[in-house]
Amino acid sequence: MKFVAWIVLGIFLGPSLFNLNMPSWFSLVSQAAGGVFLFFAGWEMRFLNLKKDARFYALVFIGSFIIPCVLGYFLLGQKMFLALAMGISALPVAIQLLKEKGLYGTLLAKRTITLASLCDICPWLILIFLLPQQDVKAWIISHWVVLAFFVGLVIGRFKTLQTTSGLLHFQMWVLAPVFFVGLGWKVDIVNLFSLPVFLSLLAVAIVTKSLGTYIFSRWAGESHQGAMDLSILLNARGAMEVLAAHFAYRAGLIDGASFAGLVLVGIITSLMAVPLVRKTKAPHLESIDNCAEHC
């Protein structure tokens, strides 16, 4: 997946390897690129019949967020932020992967984006109460990138975006690279890494999120393959894990080993999704327009 290469490039440029100072202008451009990228993605997405699917989303949200958080709290030393990190799903990663796989207009995309949005915004809202007072303003300023997605989503309810190949290439080859390189550039993996901490975080993250999402998706009536695809996509944590861990580490909510471990968990869980999600002939992979009558 391209975004992983861009994050790794950023990690190489930063203190983990070359230790190059990020220009202040690049940091600003990276934030702006992320905001515009998510704004257009939100504008493209059309959520249909959410009330009809309320039971489905409620059940899968329990499995993909509540269950990982509760289990993570007890399995990871009753540390609140680490518990929240187990429930995070990366909205930008889900969008990017669905676009690269040609699945962005499908029922799977609709469900993934809806659930990833919930699994992303909920821990960030809770984080407000965990951060020291002086960090809350910085959190609000930094997380405007994700809020841009919801602005685009609202606009999309009133005016359909005409997607062109030029806009798609601009999103994938200009906005996304600048955004993800900027994220990776801030991370120091080498000096903070602890193998035992990383392995425990990775195991708890994958098992609780994947099983919780799959079991509750099946309970909600999803097919085996649909539940598998949802669990794979929502297990990807990527950029949102990096952002949240950055603030938690800076605020003293987690130590350096946990910070480095969460960054790697975000990258690895996102990489796992690349070969596992495929475009096949299945109801949940049909276009929303084509399956509007029976989905």
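The values are calculated or read from the model by the stated rules, or taken from the named source; none is laboratory data. This one's a predicted model, so the numbers in the text were calculated from it and none came from an experiment. As a convention, Cβ positions derive from the backbone with ideal geometry for all residues, glycine included, and neighbour counts pool all protein chains shown. Quick note on the areas: whole protein, heavy atoms, side chains included, nothing else; ligands and nucleic acids left out. Shrake-Rupley method; radii C 1.70, N 1.55, O 1.52, S 1.80 Å.
Can you pull out the trypsin sites (Lys or Arg not before Pro) in segment 1-90 whose DSSP state is coil and whose Cβ has at most 16 other Cβ atoms within 10 Å?
Working: sites: Lys2, Arg46, Lys51, Lys52, Arg55, Lys79; in loops: Arg46, Lys51, Lys52, Lys79.
Answer by residue number: Arg46, Lys51, Lys52, Lys79.
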So who's got an amide H within less than 5 Å of the one on Thr106, skipping anything under 5 residues away but keeping other chains? H placed 1.01 Å off N, in plane. Ile288
Accessible-area ranking of Asp255, Asp120, largest first, probe 1.4 Å: Asp255, Asp120
Would you mind getting the accessible area per residue of segment 79-131, heavy atoms of the protein chains only, 1.4 Å probe, in Å²? 22
Ordered by residue, what ³J(HN,Hα) values in Hz, to whole numbers, does segment 117-126 give under the Karplus form 6.51 cos²θ - 1.76 cosθ + 1.60, where θ = phi - 60° and Gly and Pro are x? 4, 5, 6, 9, 6, 4, x, 5, 5, 5
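For segment 96-242, what relative contact order do you get, as a whole percent, if you take Cα pairs closer than 8 Å and at least 6 residues apart?
Values: 42 pairs, mean separation 45.4, N = 147.
Over segment 96-242, the number comes to 31 percent.
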Run the numbers on segment 11-132 and let me know its relative contact order in percent, using alpha-carbon pairs under 8 Å that are six or more apart. 21
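Taking the Cα centre of the chain as the origin, how large is its charge dipole in debye, to the nearest 20, when only Lys and Arg (+1) and Asp and Glu (-1) carry charge on their Cβ atoms? If you can, show how the numbers build up before the last one.
On the way: 21 positive and 13 negative charges, 84 e Å.
Around 400 debye, computed over the chain.
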Carbon and sulfur together cover what percent of the accessible area of segment 53-182 at a 1.4 Å probe radius? 72
Calculated from the structure, log10 I(q)/I(0) by the Debye sum over Cα atoms at q = 0.06, 0.11, 0.12, 0.15 Å⁻¹ equals which of (i) -0.20, -0.67, -0.80, -1.26; (ii) -0.22, -0.70, -0.82, -1.15; (iii) -0.17, -0.61, -0.73, -1.17? (iii)
Of Leu271, Val197, Phe216, which is farthest towards the positive pole of the chain's charge dipole, taken about the Cα centre with +1 and -1 on the beta-carbons of Lys, Arg and Asp, Glu respectively? Phe216
Counting other Cβ atoms within 10 Å of each Cβ, which trypsin sites (Lys or Arg not before Pro) in segment 196-240 have at most 15 and sit in a DSSP loop? none
Within the set of other residues whose C-beta is less than 10 Å from the C-beta of Gly72, count the net charge using Lys and Arg as +1 and Asp and Glu as -1. +2
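For every other residue with a beta carbon closer than 15 angstrom to the beta carbon of Phe216, add +1 if it is Lys or Arg and -1 if Asp or Glu, then tell me the sum. The partial results should precede the final answer.
Details: positive: Arg55, Arg111, Lys209, Arg218; negative: Asp53, Glu222, Asp229.
Charge balance near Phe216 sits at +1.
So for the chain, averaging the separation of alpha carbon pairs under 8 Å that are six or more residues apart and normalising by length, what relative contact order in percent results? Before the final figure, lay out the partial values.
Numbers: 461 pairs, mean separation 99.7, N = 295.
Averaging sequence separation for qualifying contacts and normalising by length gives 34 percent for the chain.
How about segment 1-104: which chymotrypsin sites (Phe, Trp or Tyr not before Pro) there are in a DSSP loop, with at most 13 other Cβ atoms within 10 Å of their Cβ?
Here the chymotrypsin sites (Phe, Trp or Tyr not before Pro) that fit, given the DSSP loop and packing criteria, are Phe18.
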Taking springs between alpha-carbon atoms closer than 10 angstrom, which of Leu98, Leu243, Leu192 fluctuates most in the Gaussian network model of the chain? Leu192
